[in-house]
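See below for the structure under consideration.
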Amino acid sequence: MATPVLTPDRLDAQASRLHDTQAWQQIVSGWERTAPEPAPSPAEHPEPARARPPAPDRPADWRSLLSVPVDRLIEDSLRALPTAPPPERPLPGRLGAVLPDRVHAWRRVGQADVRPSVHLGYARQILTEWGWQNTPYRLRNARGARCICGAMITAHRLGYGSPATVDRAGAWLITELRSHGWPGLIGPWNRAPGRTAADALALVDAAARRASLAGH
């Protein structure tokens with residue numbers, strides 16, 4: 001069966017359904033509790049005075065406390081570091097903005113999936129470099145400018161995030177909108193009277209930050 005074509009209104013609906021699931025609400029309600037509790041201040045719980053140990057005759061060599069050689073520790077630490085990310089692919093220029101997205105399908109070849117917060121970062125780049133527009137449920141206008149959902153779809157088609165990642169990124173956008181009292185979807189917010197490009201970028205930034213803090 002053919003996969004339905006992802007459109008702004010379809011993305012909006014899928015993100016809303018994901019946001020309303022119990023599993024997503026558990027993520028949203030728990031992300032702020034991932035940080036450790038603050039330690040009590042010394043004034044509230046003063047430490048009892050302890051006797052100072054006698055000074056040794058000579059300073060101990062800290063290397064004697066290690067169970068493995070220093071060179072081995074360094075080697076193991078370097079091996080544990082993540083591999084270098086692949087080189088970034090810049091966005092196509094202004095001509096690429098107005099071409100059909102299918103022309104850029106080759107850019108998905110060999111691209112690994114990304115986290116929702118990273119995907120939103122690429123969507124922001126598209127809005128910044130190609131422009132923002134608020135025509136109702138249009139992926140883009142004649143100049144190649146995108147709405148928020150259109151920028152997310154284009155980021156996906158350029159290779160930055162799987163369809164599931166796009167849905168999660170959309171759910172984080174809706175989560176951010178709910179925190180500001182907006183009860184509807186992304187599209188109606190994007191085209192509301194008086195909405196500006198600065199508003200759209202601020203929303204994407206806030207949702208990306210919220211997702212990143214939750215480890216997404």
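The values are calculated or read from the model by the stated rules, or taken from the named source; none is laboratory data. Values in this document were obtained by computation on a predicted structure and should not be read as measured data. All Cβ positions, even for glycine, are placed from backbone atoms using ideal geometry, and neighbour counts span all protein chains on display. With ligands, DNA and RNA removed, areas are computed over all heavy atoms of the protein, side chains included. Shrake-Rupley method; radii C 1.70, N 1.55, O 1.52, S 1.80 Å.
Figure legend. Inter-residue proximity from the range 187-216: first residues more than 26 Å from GLN26 (Cα to Cα), second residues of a type in the set (D, E, K, R) and assigned to a helix (DSSP H, G or I), beta-carbon distance below 7 Å, spacing 6+ or different chains. Indicated pairs: LEU201/ARG124.
Selection of the range 136-184 for residues being open to solvent by less than 10 Å² (accessible area, probe 1.4 Å), within 14 Å of ASP9 (Cα to Cα), within 13 Å of the chain's Cα centre (by Cα) and not hydrophobic (A, V, I, L, M, F, W, C) yields only GLY170. One residue stands out among those in the range 3-25 that are more than 21 Å from ALA211 (Cα to Cα) and either part of a loop (DSSP other than H, G, I, E, B) or among the aromatic types (Phe, Trp, Tyr) (or both): the one that is modelled with the lowest pLDDT, which is THR3.
One line per residue, one yes/no per condition, for (1) at pLDDT 90 or above; (2) touching a Gly at 6+ places or on another chain (Cβ under 6 Å); (3) among the hydroxyl-bearing types (Ser, Thr, Tyr):
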position	(1), (2), (3)
GLN133	yes, no, no
LEU139	no, yes, no
THR165	yes, no, yes
SER179	yes, no, yes
PRO188	yes, no, no
GLY194	yes, no, no
ALA206	yes, no, no
HIS216	no, no, no
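Taking the criterion of being in contact (Cβ under 8 Å) with a residue 60 or more places away in the chain, open to solvent by less than 10 Å² (accessible area, probe 1.4 Å) and not aliphatic (A, V, I, L, M), the only residue of the range 110-135 that qualifies is PRO116. Residues in the range 192-216 that are buried (at least 16 other Cβ atoms within 10 Å of the Cβ) and more than 21 Å from GLN125 (Cβ to Cβ): ALA214 alone.
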